[in-house]
Amino acid sequence: MTTPAPAAPSPAGDRAAVVRRDLDNVLHPIVAHRQLEAEPMVIVKAHGSTVVDADGSEYLDAMAGLWCVNIGYGRTELADIAAAQMRTLPYYPHTAMNAPAAALAERVNDLVGGDYHVYFVVSGSEANEAGFKIARQYMKHEHPGKFRYKTVTRYHSYHGTTLGTLAAGGMGERKTKFEPLSGNDFVHVAPPYCYRCPFGLTYPSCELACVKNIESTIQGEGPDTVSTILVEPVMSGVGIAVPPDEYLPEVAAIAKKYGCLLHVDEVINGFGRTGKMFGHQHYGVKPDIVAVAKGIVSAYQPIAATVVRNDVFRSFVGEPTENRQVFQVSTYGGHPVAAAVANRNIEIILEEKLVERSASNGAYLLDGLRSLMKHPWVGDVRGKGLLCGVELVKDRQSKEVVGPDRIKGVVDFARKNGVIVGRSGGRGSTITLSPPLVITRPEIDRVVAVLDKAIEEMGSQLASF
């Protein structure tokens, strides 16, 4: 006998019961349990750029969930597509083929540049993890007898939550409770964080010291030990760090010089977020490995992918007895339902010109955020497309960061005034914005206006101390 599913909570009457049931049974990510007790949100529905709490409160979600709902909420046609696919083929492992995954791979390949093969997984963490494994196996195939296993990555980067991707990332606060992590598999270098240059230099007179740092690190480690250089085109974890235009091409040239693979993490940057279909396309480079997730399906289903250039793919082609196939498996990779939904999601991005909209409305948002420089506590405003950050400081001259309690105050003020924003960077000192690509200009104006008041309020509190 099938047990009926519990009814969805009504917007008001069942809210207290949901909160109690959740607090008694759910272990939430990132957010403190005591905070949930004090400020519970029970999201029951959403549309466009807006989410609705069970108490009827509406919030403009300027973070698109977790940087991911690119086409906005409430696209019921995606539910129809998922239902139709479930009736036809709900699941079969990707050791065989299925039509939705084949169509999605073809579409992603075309969008990346047409010289790639696509390996499907479920999350951005898994996409990057698979990329590490593919790179290592490739090096064993192509350089037998050598141990090219190290990945050069960057401090303050973020690549996922598995132990491997945490080790690859450069955010100490995310790692500390899980250390020690894997030995010297991942070697960290300085990020292109111009506002707080790790070398105390100023662009362009710095002559891209952060790029030189990558090359000297490869030389110091020994080129025959390095497999990959790993980068996000625009870094999110550090507080939206946009590199100089020549940075990524120079990094690509170093990878080629030393026979390393260039692994580009597009989990957040991809599918229109930065005003191009992919962040690396701003810079004219051709990566060897590309990790994609989030915007590939706008979070309507769990699916992600590791995209490998055909020069790399060919290393995995051989007779079964040669054992050259990818030694990596994902139970739900290539899931036909998720792939069918992702296909339609990408069609919507293209049909509604959301990449172009991200570029134009991103410029409009950035102009609005720059008006916040009138507050002396705004140290820097930066962004690309609809991926922006506002870094807050106590003093512009010293660039001393604002305390986490004050940053939390800005985020809380915005939420209490109906706008959800994020925070990241050192001690969470940057307010981050990554709204749905369907956000309207009046909604952008509202985001800027609420942040204006929130920062003014924070400043008055600082001044009182």
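Laboratory data are not the source of any read-out in this text; all were calculated from the coordinates shown. Keep in mind the model is a prediction, meaning the values are calculated, not measured. Backbone-built Cβ (ideal geometry, glycine too); neighbour counts: all protein chains shown.
Which of 209, 191, 219 sits closest to the plus end of the dipole of the range 150-220, meaning its Cα is farthest towards the positive end, when Lys and Arg get +1 and Asp and Glu get -1 on the C-beta?
Comparing the listed Cα positions along the dipole, 191 ranks first.
What is the magnitude of the charge dipole of the chain about its Cα centre, with +1 placed on the Cβ of each Lys and Arg, -1 on the Cβ of each Asp and Glu, and no other charges, expressed in debye to the nearest 20?
Dipole about the Cα centre, nearest 20: 440 debye.
Near residue 416, which lysines are there with a Cα under 30 Å away, not counting those fewer than 8 places off in the same chain?
45, 294, 374, 384, 394, 399, 408, 453
Given all pairs of different Cα atoms, what value in angstroms does the Kirkwood hydrodynamic radius of the range 77-351 take?
Computed over Cα pairs of the range 77-351, the Kirkwood hydrodynamic radius comes out at 19.2 Å.
Could you tell me which of rounded, prolate or oblate describes the range 270-350, using a ≥ b ≥ c as the square roots of the eigenvalues of the alpha-carbon gyration tensor, with rounded for a/c under 1.5 and, failing that, prolate when a/b is larger than b/c and oblate otherwise?
In terms of gyration-tensor shape, oblate.
Just grab the label-to-label distance for residue 400 and residue 224, each label 7 Å out from Cα along the Cβ direction, in nm (one decimal).
According to this spin-label approximation, the distance is 5.2 nm.
Decide, for the range 13-63, between rounded, prolate and oblate: order the square roots of the alpha carbon gyration tensor eigenvalues as a ≥ b ≥ c, take rounded if a/c falls under 1.5, and otherwise choose prolate if a/b is larger than b/c, else oblate.
Taking the square roots of the gyration eigenvalues as a ≥ b ≥ c, the range 13-63 is oblate.
Take 53, 22 and order them by how many other Cβ atoms sit within 10 Å, fewest up front.
Numbers: 53 16, 22 13.
With the fewest neighbours first, 53, 22 line up as 22, 53.
For the range 77-351, with only Lys/Arg (+1) and Asp/Glu (-1) charged at the beta-carbon, what is the dipole magnitude about the Cα centre, in debye rounded to 20?
For the range 77-351, the charge dipole is close to 420 debye.
In which sequence would 132, 413 go, from the one with the fewest C-beta neighbours within 10 Å to the one with the most?
If I rank by nearby Cβ atoms, fewest first, I get 413, 132.
To make sure I understand, if each residue's beta carbon is the centre and we count other beta carbons within 10 Å, what order do 373, 277, 171 fall in, fewest to most?
Details: 373 13, 277 23, 171 18.
In increasing order of surrounding Cβ atoms, one gets 373, 171, 277.
Which of (1) 22.5, 73; (2) 21.7, 68; (3) 29.1, 97 is the computed Rg and Dmax of the Cα atoms in Å for the structure on display?
So the structure-derived entry is (1).
Please work out the C-alpha center-to-center distance from the range 67-135 to the range 201-229 and express it in whole Å.
Cα centres, the range 67-135 to the range 201-229: 34 Å.
Within the range 196-231, list the GluC sites (Glu not before Pro) lying in a DSSP loop whose Cβ has at most 12 other Cβ atoms in a 10 Å radius.
Working: sites: 207, 215, 221; in loops: 207.
Those that pass, being in a loop and sparsely packed, are 207.
Output ³J(HN,Hα) for the range 167-174: one whole-Hz value per residue in order, computed from phi by the Karplus curve 6.51 cos²θ - 1.76 cosθ + 1.60 with θ = phi - 60°, and x for Gly and Pro.
Karplus values, whole Hz, x for Gly and Pro: 5, 5, x, x, 9, x, 5, 7.
Going by a ≥ b ≥ c, the root eigenvalues of the Cα gyration tensor, does the range 149-294 fall in the rounded group (a/c under 1.5), the prolate group (a/b larger than b/c) or the oblate group?
Verdict is rounded for the range 149-294.
Any idea how far apart residue 177 and residue 31 come out in nm if each label point goes 7 Å out from Cα toward Cβ?
Between residue 177 and residue 31, the label points sit 1.6 nm apart.
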